[in-house]
Amino acid sequence: MADVVLKDIRKQFGATEIIRGVDLTVDEGEFAVFVGPSGCGKSTLLRMISGLEDVSSGELHIGGRRMNDVQAAKRGVGMVFQSYALYPHLNVRDNMGFGLKVRKVPVDERDRRVREAAATLKLDALLDRYPRQLSGGQRQRVAIGRAIVGSPDVFLFDEPLSNLDAELRVHMRSEIAALHNRLKTTMIYVTHDQIEAMTLADKIVVLRDGLVEQIGSPRDLYEKPNNVFVAQFIGSPRMNLLPAAEAKLISPTHALPASAVSVGVRPEHLRVVEPTTDSLSATVTLNEYTGAVTLMHVELPGGQTCLVVDDKRDMPPIGTRIGLTADKDNLHFFDADGRAVS
Amino acid sequence: MDLSRPETTARNDRAPWLTLKTREMLEAWLFVSPTVIGFLIFFLGPLVAVVYFSMTEWNLLSQKATFVGLDNFNDTLFKNPDFWHVVRNSVVFAIGLVPLNMALALTLALALSRPFFGVVFFRTVFFAPVITSAIAWAIVWKFLLQGEGGVINQMLALVGITGPNWLREPNWAMAAVIVTRVIKMVGLNMILYIAALQAVPRDYEEAARLEGASRWQVFTMVIWPLLAPTTLVILVITTIGSFKVFDHIYQMTGGGPENGTLVLAFYIYQQGFKFFNVGYAAALAMIMFVIVMALTLIQVWIRRRGTQ
Ligand SMILES: Nc1ncnc2c1ncn2[C@@H]1O[C@H](COP(=O)(O)OP(=O)(O)OP(=O)(O)O)[C@@H](O)[C@H]1O
Ligand SMILES: [Mg+2]
């Protein structure tokens with residue numbers, strides 16, 4: 001078990017700087033998730049922590065030890081690859097025991113630890129199978145098992161669920177959460193799926209273009225996003241962004257902050273009311289019924305479109321003029337640079 | 001008119017002259033016919049002819065072929081000491097060439113499978129001999145390997161070694177044809193190994209490194225097992241190639257000295273086109289075919305057992 005501390009970490013590939021100064025502390029036993037759009041540098045950052053990629057500048061500490069120049073194998077990290085990286089010529093037992101074998105751990109201890117990990121992950125019955133004889137979810141579990149066998153201080157996951165279908169993803173997500181609960185080891189998890197981030201994380205790190213946009217608990221990020229990017233990245237469907245002037249109509253009692261140029265309100269926080277002068281008037285353009293909720297697309301007089309999520313079955317039909325309101329606590333204001341203001 | 005029963009029913013019910021299946025079959029045959037016809041004329045035809053010739057006594061000069069059954073085989077296997085000497089030469093050639101070629105090919109491939117500045121240049125350098133004319137290659141080496149005044153011996157002289165007359169002493173001649181053949185052909189196997197190495201996902205190596213494997217362990221425990229199918233293919237084609245070596249021997253040593261490099265393919269050529277014993281040469285060719293086939297099957301069988 002160990003904490004992970006990054007101080008002004010940077011990474012250059014040739015002339016281009018991919019990671020542009022990241023400061024971050026992941027506490028011992030914490031589950032941290034890196035999210036961000038494709039190409040923002042999540043994998044690169046994770047690989048720098050693992051030692052597969054060297055650090056161009058900055059300081060990397062794991063468990064209090066400076067790791068910049070320590071070999072990957074000696075950092076006490078275990079990694080689960082997106083591709084699983086299971087060796088096709090080895091069965092599950094040998095795949096899981098590979099790390100112990102190369103480290104010359106005696107056969108009986110190796111066997112014991114492999115069986116222990118297999119029991120944790122319900123892989124007992126599969127030990128003699130080859131990767132090609134496993135389903136996607138089972139391969140995924142073997143990949144995790146392989147990391148567990150080495151009993152690392154820090155687990156690193158790079159989009160481990162992205163090759164699974166939606167249902168299995170939800171299932172494996174809960175298994176990983178359960179695993180963290182049981183092992184209480186520090187975990188760093190990369191994903192671009194914000195639902196995964198929200199459900200798994202103690203701490204979410206939102207990255208964009210090699211910079212940290214915000215670090216916080218899922219609730220912090222949802223309720224108090226620092227800026228427009230985080231506001232729209234976290235939460236699904238994404239937050240509506242309207243000119244600040246509309247705020248008066250959505251929530252008449254609210255005082256507009258001086259520097260606010262835009263107001264954000266989440267689709268699930270908008271309520272449909274009769275059109276009146278002190279509500280935001282809109283016209284329904286589309287209803288998407290999903291079962292649990294309905295996604296209603298509306299058009300504002302200014303031409304912007306806006307999304308409303310409601311759990312009522314009967315939404316006003318297309319073409320209806322409606323009013324929209326929200327509680328003032330659910331409004332987010334942003335200045336001209338996209339920074340949150342209150 | 002009853003609209004619920006369209007008039008076209010009758011027409012649809014009649015079986016068309018060409019069903020879709022027949023038409024597809026015809027098309028398929030049409031597309032493969034150039035290859036099939038080529039195969040029949042240039043491969044299967046001669047093969048059948050050789051089988052027949054091998055059971056005749058036919059001197060090309062006399063223009064007369066007499067059927068003699070298995071006499072040619074009987075003569076070769078039991079009455080001709082030259083034959084066993086030739087087989088021994090072929091085996092020595094193969095045992096010298098195949099491991100050397102494969103080890104060198106793999107070493108080069110490991111060095112040249114990852115991009116670095118100049119990698120294309122090096123790959124080209126090692127592959128170029130493969131596509132040069134074997135005759136030209138052999139002539140150049142014959143020249144370099146001359147006993148007196150040959151470039152190789154001059155270089156050896158610089159470090160105080162008196163080189164042998166390479167192509168005039170049986171053992172040295174064999175070594176010389178093996179090594180020069182390896183240098184010529186190694187590029188082909190190198191390319192096959194490079195392709196196989198590049199198909200190994202990078203994650204495999206990274207995962208192993210992260211778990212503490214040394215480079216050597218990554219190679220022996222991950223890369224080498226994954227290369228097994230390629231290694232088998234290379235083993236088979238290189239072995240077959242070494243049994244078929246002809247032009248190289250023809251140009252460099254002509255089978256000499258003292259028949260020291262007289263290998264099977266060259267012996268077949270000698271019998272058929274120098275001494276005009278076509279029937280006998282055909283029988284030798286059949287024997288070579290059986291040997292090569294047997295070696296291939298053994299290799300495939302070993303591989304099968306290895307994966308179980
Ligand atoms: N070895 C490399 N050489 C040069 N550029 C690289 C290298 N590895 C990554 N990059 C670049 O660094 C940037 C970040 O890549 P990275 O793989 O970290 O993104 P990511 O956030 O993991 O994206 P994704 O969600 O698509 O996996 C990309 O623009 C990528 O092109
Ligand atoms: Mg990535």
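The values are calculated or read from the model by the stated rules, or taken from the named source; none is laboratory data. Since this is a predicted model, take the numbers as computed values, not measurements. Every residue, glycine among them, receives a Cβ derived from its backbone with ideal geometry; neighbour counts consider all protein chains shown. To get the accessible areas, we keep the full protein, side chains included, count just its heavy atoms, and leave off ligands, DNA and RNA. Shrake-Rupley method; radii C 1.70, N 1.55, O 1.52, S 1.80 Å.
General remarks:
- Test: residue in segment A:176-188 that is surrounded by fewer than 22 Cβ atoms within 10 Å (Cβ to Cβ) and within 14 Å of another protein chain (Cβ to nearest Cβ): no
- Among residues of segment B:42-57 that are at negative phi, those with a Cβ under 9 angstrom from a residue that is aromatic (Phe, Trp, Tyr) and open to solvent by less than 60 Å² (accessible area, probe 1.4 Å), sequence gap 6+ or separate chain, pair up as B:SER54/B:PHE73; B:SER54/B:TYR280; B:MET55/B:PHE73; B:GLU57/B:TYR280.
- Put simply, of A:LYS42, A:LYS7 the only residue that is away from ligand 2 (no atom under 16 Å from the Cβ), away from chain B (no Cβ under 14 Å) and more than 11 Å from A:VAL154 (Cβ to Cβ) is A:LYS7.
- Filter pass, B:PHE275 being open to solvent by 30 Å² or more (accessible area, probe 1.4 Å), away from chain A (no Cβ under 14 Å) and within 17 Å of the chain's Cα centre (by Cα): no
- Considering (1) open to solvent by 20 Å² or more (accessible area, probe 1.4 Å); (2) in a helix (DSSP H, G or I); (3) touching a helix residue (DSSP H, G or I) at 6+ places or on another chain (Cβ under 8 Å), the lone condition that B:ILE298 does not fulfil carries the number (3).
- Any hit, segment A:166-181, residues being among the hydrophobic types (A, V, I, L, M, F, W, C) and either within 16 Å of ligand 1 (Cβ to nearest atom) or on the phi > 0 side of the Ramachandran plot (or both): no
- Checked against (1) more than 14 Å from chain A (Cβ to nearest Cβ); (2) buried (at least 17 other Cβ atoms within 10 Å of the Cβ), B:LEU226 passes all but a single condition, namely (1).
- Only residues that are within 16 Å of ligand 1 (Cβ to nearest atom) and either more than 22 Å from A:ALA32 (Cβ to Cβ) or within 12 Å of chain B (Cβ to nearest Cβ) (or both) were counted across segment A:141-162, and they come to 2.
- Scoring B:LEU232 on the criteria (1) in contact with a Lys or Arg (Cβ under 7 Å, 6 or more places away or on another chain); (2) facing chain A (nearest Cβ under 10 Å) leaves a single failure, condition (2).
- If the condition is being part of a helix (DSSP H, G or I), small (Gly, Ala, Ser) and crowded, with 16+ Cβ neighbours inside 10 Å, then segment B:42-94 contributes B:SER90, B:ALA94.
- Filtered residues of segment A:45-59 (kept if surrounded by fewer than 22 Cβ atoms within 10 Å (Cβ to Cβ) and more than 16 Å from ligand 2 (Cβ to nearest atom)): A:ASP54, A:VAL55, A:SER56, A:SER57, A:GLY58, A:GLU59
- The residues of segment A:71-119 that are within 20 Å of A:ASN163 (Cβ to Cβ), outside any loop (DSSP other than H, G, I, E, B) and within 13 Å of another protein chain (Cβ to nearest Cβ), listed by number, are A:GLY78, A:MET79, A:VAL80, A:ASN95, A:MET96.
- Contact annotation: no residue pair with Cβ atoms under 7 Å, 6 or more positions apart or on different chains, pairs a residue in segment A:28-39 that is within 14 Å of another protein chain (Cβ to nearest Cβ) with a partner that is within 8 Å of ligand 1 (Cβ to nearest atom).
- Entry remark, segment A:4-27: residues being within 8 Å of ligand 1 (Cβ to nearest atom) and without any contact (Cβ under 8 Å) to a residue 24 or more places away in the chain number 3 in total.
- Within segment B:195-215, the residues that satisfy the criterion of being more than 10 Å from chain A (Cβ to nearest Cβ) and open to solvent by 50 Å² or more (accessible area, probe 1.4 Å) are B:ALA195, B:GLN198, B:ALA199, B:ARG215.
- Criterion (within 21 Å of A:ALA197 (Cβ to Cβ) and assigned by TED's automatic domain parsing to the domain that holds A:LEU156) met by exactly one of A:LEU60, A:LEU90, A:LEU86, A:LEU46: A:LEU46
- Residue tally, condition under 13 Å from B:LEU210 (Cβ atoms) and part of a loop (DSSP other than H, G, I, E, B), over segment A:128-143: 0
- Out of A:LEU156, A:LEU90, A:LEU134, A:LEU123, one residue alone is in contact (Cβ under 8 Å) with a residue 60 or more places away in the chain and either acidic (Asp, Glu) or open to solvent by less than 50 Å² (accessible area, probe 1.4 Å) (or both). It is A:LEU156.
- Of the residues making up segment A:10-32, just one is open to solvent by less than 10 Å² (accessible area, probe 1.4 Å) and within 13 Å of ligand 2 (Cβ to nearest atom), namely A:ILE19.
- Answer from A:VAL212, A:VAL228 - the residue that is β-branched (Val, Ile, Thr), under 26 Å from A:GLY41 (Cβ atoms), modelled with pLDDT of 95 or more and within 16 Å of ligand 1 (Cβ to nearest atom): A:VAL212
- Among the residues making up segment A:231-243, a single one is surrounded by fewer than 17 Cβ atoms within 10 Å (Cβ to Cβ) and in a strand (DSSP E or B): A:PRO243.
- Counting only strands (runs of 3 or more DSSP E) wholly contained in segment A:244-342, the ones carrying 1 or more residues that are polar (S, T, N, Q) and either surrounded by fewer than 16 Cβ atoms within 10 Å (Cβ to Cβ) or without any contact (Cβ under 8 Å) to a residue 40 or more places away in the chain (or both) occupy A:280-289, A:294-299, A:305-310.
Rundown of residues vs (1) within 16 Å of ligand 2 (Cβ to nearest atom); (2) of a type in the set (A, V, I, L, M, F, W, C), yes/no style:
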| position | (1), (2) |
| --- | --- |
| A:GLU196 | yes, no |
| A:VAL206 | yes, yes |
| A:ASP209 | yes, no |
| A:ASN226 | no, no |
| A:PHE229 | no, yes |
| A:PRO237 | no, no |
